[in-house]
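S.K.: One structure, pasted below without further comment.
The values are calculated or read from the model by the stated rules, or taken from the named source; none is laboratory data. Everything numeric here is computed off the predicted structure, so don't read it as measured data. Positions of Cβ are generated from backbone atoms using ideal geometry, with glycine treated the same way; all protein chains shown enter the neighbour counts. For accessibility, only protein heavy atoms count, side chains too; no ligands or nucleic acids. Shrake-Rupley method; radii C 1.70, N 1.55, O 1.52, S 1.80 Å.
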Amino acid sequence: MFPGYAQDYIEPSTAQDERYAFIAEWYDPQAALIRRYQFLFYPKDNSIEMFDIKNRRKFLARTKSDTVRLEDMFIGSKIHVYSRQLTFVDFGDKFTEGKVGMKNEKTLAIIKPEAIGKVGVFFNILNKNDIKPCKVKMLKLSRKKVAEFYEEHRSKPFFNTLLEYMSSGPVIAMELMGTGVISKWRNLLGPTDSQKARETDPNSIRARFGTDTTSNAAHGSDSEQSANRELDFFFPPSGSGGFDVTSHLTDCTCCIIKPHAVRNGIEGDIIEAIQNAGFQISAMEMFNVETANGEEFYEIYKGVVNEYPNMVTEICSGPCIALEITGKGGDTTAQFRELCGPSDPEIARHLRPKTLRAMFGKDKIQNAVHCTDLPEDGVLEAEYFFRILSN
Ligand code: IDP
Ligand code: MG
């Protein structure tokens, strides 16, 4: 090698403008058809560009975007571009598949009945370990459903105990994504027997939150094949899967953890604060809200609150987590509003520093949580998410 070579040499891949390509779909309600685009993302200046595949023409000239992030782009993810909710259905080239595909490994996690009171901690564990929850749903398993899910254990002596336990209360199913997430999540769980876990793996999830061999806090798929089957079981490509819902839709209020909070990984802290304040979470689901639904949900603020258009933009800007809150006796909506605090986080930090908005909000729009305003709307708002939008 001759002097100067190292300095002069430019790595070919960094010399080029790095580009990621995806195939994205958008449902055009006007034409009632699905449009397909080649979607390009350039990390260098965070810009995007789109081509209409069918009409073979440019749809969006290369434009900088403040909101899109490469980490939000994976098969099945949804992003918002100019009020359109795009769904990524495939990789657009081998480079993208190679670079992004690795990080796209998926697994199924279940938070089992005795551990759902710790769901906030679970979200924090996921965030700390670079694991992304892409789908989240609280549901109730019938004995029949448990038997179907644990088919492989039908002949085991503990099968009946397992049926009893898994159908004893609500569970939370999650689709998790990340590099090597199948084994990574199994390692975080620790040994099947919680007692043994406390001896050999005291920091593991089962050691911390499990009781014994049956009641062991959480589940994780054991292979790629199991992950595919189990994800299809809980999150079927179409339909609801026929699970029992957990929402009460009576004496309840509605809380939405806003997309900015989910994006910044503080949903675990918010949920912990809600649970520590003594509220029950009786339903939970992650949603990607479409513009028309965001407008409908916030309809009562239209023309009343100046922030209305920005509130709609925020709630549609990425995945949010809807919660049905119950459980303190009396007027749950009013009590929960107390915990949330003034809608402007700046004011909240001055007047009510212990409230959710004061602790987790950024500004009037990105104020961490939406909560129901009027007692009579608690049920209506919970119904909007858990009956109308939930599939
Ligand atoms: P895993 O959940 O660690 O993959 P599996 O052997 O697949 O463990 O068992 C499925 C579930 O059945 C366990 O998570 C646990 O709830 C229950 N289970 C497994 N082995 C026993 C046992 O020996 N006695 C009682 N329950 C068991
Ligand atoms: Mg297993």
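S.K.: With r as the distance between the Cβ atoms of Tyr301 and Arg143 and R0 = 45 Å, compute the FRET efficiency 1/(1 + (r/R0)^6) and round to 0.05.
M.R.: Taking R0 as 45 Å, the efficiency between Arg143 and Tyr301 is 0.55.
S.K.: Report the extension gain between Asn276 and Thr161 in nm, rounded to one decimal, defined as 0.36 nm multiplied by the number of residues separating them, less their alpha carbon distance.
M.R.: Gain on stretching Asn276 to Thr161: 38.4 nm.
S.K.: What order do Arg69, Arg57 take when sorted by accessible area (1.4 Å probe), most exposed first? Before the final figure, lay out the partial values.
M.R.: Working: Arg69 60, Arg57 125 Å².
Greatest to least solvent exposure: Arg57, Arg69.
S.K.: Relative contact order (percent) for the stretch 316-391, with alpha-carbon contacts under 8 angstrom and 6 or more residues of separation?
M.R.: 27 percent
S.K.: Let me ask something else about it. Nothing charged except the Cβ atoms of Lys and Arg (+1) and of Asp and Glu (-1): what's the magnitude of the dipole of the stretch 316-391 about its Cα centre? Round to the nearest 20 debye.
M.R.: The dipole of the stretch 316-391 has a size of about 400 debye.
S.K.: Lysines within cross-link reach of Lys196: Cα-Cα under 22 Å, excluding same-chain residues under 8 positions apart?
M.R.: Cross-link targets: Lys112, Lys118, Lys156, Lys184.
S.K.: Let me ask another. Explain nothing, just the number: relative contact order of the stretch 192-287, from Cα pairs under 8 Å at least 6 residues apart, as a whole percent.
M.R.: 16 percent
S.K.: Between Asn264 and Ser238, what FRET efficiency comes out of the Förster formula 1/(1 + (r/R0)^6) with R0 = 35 Å and r the beta carbon distance, rounded to 0.05?
M.R.: Once the sixth-power term is evaluated, E becomes 0.65.
S.K.: Let me ask another. Evaluate the Debye formula for the stretch 152-238 with equal point scatterers sitting on the alpha carbons, no solvent, and hand back log10 of I(q)/I(0) at q = 0.17, 0.23 Å⁻¹, in q order, two decimals.
M.R.: Normalising to I(0) and taking log10 leaves -0.82, -1.31.
S.K.: Still on this structure: Hey, what's the Kirkwood Rh for the chain if you take every pair of different alpha carbons, in angstrom?
M.R.: Answer for the chain: a Kirkwood hydrodynamic radius of 22.8 Å.
S.K.: Report, in deg cm²/dmol and to the nearest 500, the calculated mean residue ellipticity at 222 nm for the chain, where each DSSP H run with n ≥ 4 adds -39500 (n - 2.57) and the sum is divided by the residue count.
M.R.: The helix-only estimate for the chain comes to -8500 deg cm²/dmol at 222 nm.
S.K.: Taking +1 at the Cβ of each Lys and Arg and -1 at the Cβ of each Asp and Glu, which of Leu141, Ser221, Ile79 sits farthest along the dipole of the chain towards its positive end, judged by Cα position relative to the Cα centre?
M.R.: Farthest towards the positive end: Ser221.
S.K.: Counting residues in the stretch 270-390 as N, plug N into 2.2 N^0.38 Å and put the Cα Rg over that result. Let's see the in-between values first.
M.R.: Values: Rg = 13.8 Å, N = 121, 2.2 N^0.38 = 13.6 Å.
So the stretch 270-390 has a normalised radius of gyration of 1.01.
S.K.: Next question, about the same structure. Cα convex hull of the stretch 41-158: mean projected area in nm², to one decimal?
M.R.: Hull-based average projected area comes out at 11.8 nm².
S.K.: Quick one: putting +1 on the C-beta of Lys and Arg, -1 on the C-beta of Asp and Glu, what dipole do you get for the stretch 17-160 around its Cα centre, in Debye to the nearest 20?
M.R.: Taking the Cα centre of the stretch 17-160 as origin, the dipole is about 460 debye.
S.K.: Tell me, in nm to one decimal, what length is gained between Met102 and Phe59 on full extension, where the rule is 0.36 nm per residue of separation less the Cα-Cα distance? If you can, show how the numbers build up before the last one.
M.R.: Working: separation 43, 0.36 × 43 = 15.48 nm, distance 2.92 nm.
In short, 12.6 nm is gained.
S.K.: Counting Lys and Arg as +1 and Asp and Glu as -1, each charge on the Cβ, what is the dipole of the chain about the Cα centre in debye, to the nearest 20?
M.R.: Details: 48 positive and 54 negative charges, 106 e Å.
The calculation lands at about 500 debye.
S.K.: Kindly state, to the nearest 0.05, the FRET efficiency for Arg387 paired with His350, given R0 = 41 Å and r defined as their beta-carbon distance.
M.R.: On the way: r = 38 Å, r/R0 = 0.93.
It comes out at approximately 0.60.
S.K.: Considering only Val68, Cys340, Thr372, whose Cα is most displaced toward the positive end of the charge dipole of the chain, charges sitting on Cβ of Lys, Arg (+1) and Asp, Glu (-1)?
M.R.: So the residue we want is Val68.
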